[in-house]
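Peer 1: Structure incoming, see below.
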Amino acid sequence: MRREGEEAPVRVLVYERRTVPLHVRRVAGGQEDHRELPRRGEEDGEGGEPKAGRLFQEHLLGQPFWMLVACSLVNRTTWGKARVVHSRLKLRYRTAGGLAAAAPEDLHDALRPLGLWRQRSRSLVALARSFCDRRPRTAGEVARLPGCGKYAADSWAIFIEGRTDVRPDDGKLGWYMRRRSCTSTKRGE
């Protein structure tokens, strides 16, 4: 028997000739709360546009280390899920040095909801240590950091270096570059 507020497995509801995954949880009085889960792609707008209209990199402009941590966390998940974990890590460790001093096992509980928590914890501690040893100056240096790849390097080039010549593979970064290009074109008129 589940207790109040406890999450239940996903159930499937069939209506109007379509299958809809439901998230069910027990609420006060033994009732069940049924919420339709978003379908793949519904959490974002059209053409890669994020639902909130802004990318997390824009919120982390003055915090390059934490932007790289966020880029690492969104690998194989969404920002919606990674945001909670990012906030927990940021509150607990505060700086790159604080995270570098942590043992990977200390991060397991915070990272578990995202999956791959053992690998992520080793990667994040290694990233923090590398960042503390030598802060990257270019997107090329970012790409060589543990847990960082093209997405993190493109994010660095766009948001830290302020480059406009970046051609990202990621849909949301592509959306941002298109939006930025349209905005600068309108200003130049």
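Please treat every number below as a calculation from the coordinates, not as lab data. In this text the structure is predicted, and so the values were computed from the model without any measurement. FYI the Cβ positions are ideal-geometry reconstructions off the backbone, even for glycines, and counts take in every protein chain you see.
Peer 1: At what distance in nm do the modelled label points of Glu58 and Ala101 sit from each other, each positioned 7 Å from its Cα along Cα→Cβ?
Peer 2: 3.6 nm
Peer 1: Please work out whether the range 50-173 counts as rounded, prolate or oblate from its C-alpha gyration tensor, where a ≥ b ≥ c are the square roots of the eigenvalues and a/c under 1.5 means rounded, while otherwise a/b larger than b/c means prolate and anything else oblate?
Peer 2: Values: a/c = 1.75, a/b = 1.28, b/c = 1.37.
Verdict is oblate for the range 50-173.
Peer 1: Label-point separation (nm) for Arg94 and Arg118, each offset 7 Å from Cα along Cα-to-Cβ?
Peer 2: So the label points at Arg94 and Arg118 sit 3.2 nm apart.
Peer 1: Something else: Where nothing but the Cβ of Lys and Arg (+1) and of Asp and Glu (-1) is charged, how large is the charge dipole of the range 51-189 around its Cα centre, in debye to the nearest 20? It would help to have the intermediate numbers written out before the result.
Peer 2: Working: 27 positive and 12 negative charges, 61 e Å.
Dipole size: approximately 300 debye.
Peer 1: Pulled fully out, how much extra length does the chain show between Arg180 and Arg135, if you take 0.36 nm times their separation in residues and subtract their Cα-Cα distance? Numbers along the way, then the final one.
Peer 2: Details: separation 45, 0.36 × 45 = 16.20 nm, distance 2.71 nm.
Taking 0.36 nm per residue and subtracting the Cα distance, the gain is 13.5 nm.
Peer 1: For the range 118-189, which trypsin sites (Lys or Arg not before Pro) pass both filters: DSSP loop (anything but H, G, I, E, B) and at most 15 other C-beta atoms within 10 Å?
Peer 2: Details: sites: Arg118, Arg120, Arg122, Arg129, Arg134, Arg137, Arg144, Lys150, Arg163, Lys172, Arg178, Arg179, Arg180, Lys186, Arg187; in loops: Arg134, Arg137, Arg144, Arg163.
Those satisfying the criteria are Arg134, Arg137, Arg144, Arg163.
Peer 1: Measure off 7 Å from each Cα along the Cα-to-Cβ vector at Glu161 and Arg144, then give the distance between these two points in nanometres to one decimal.
Peer 2: Going by the 7 Å Cα→Cβ label model, 1.4 nm.
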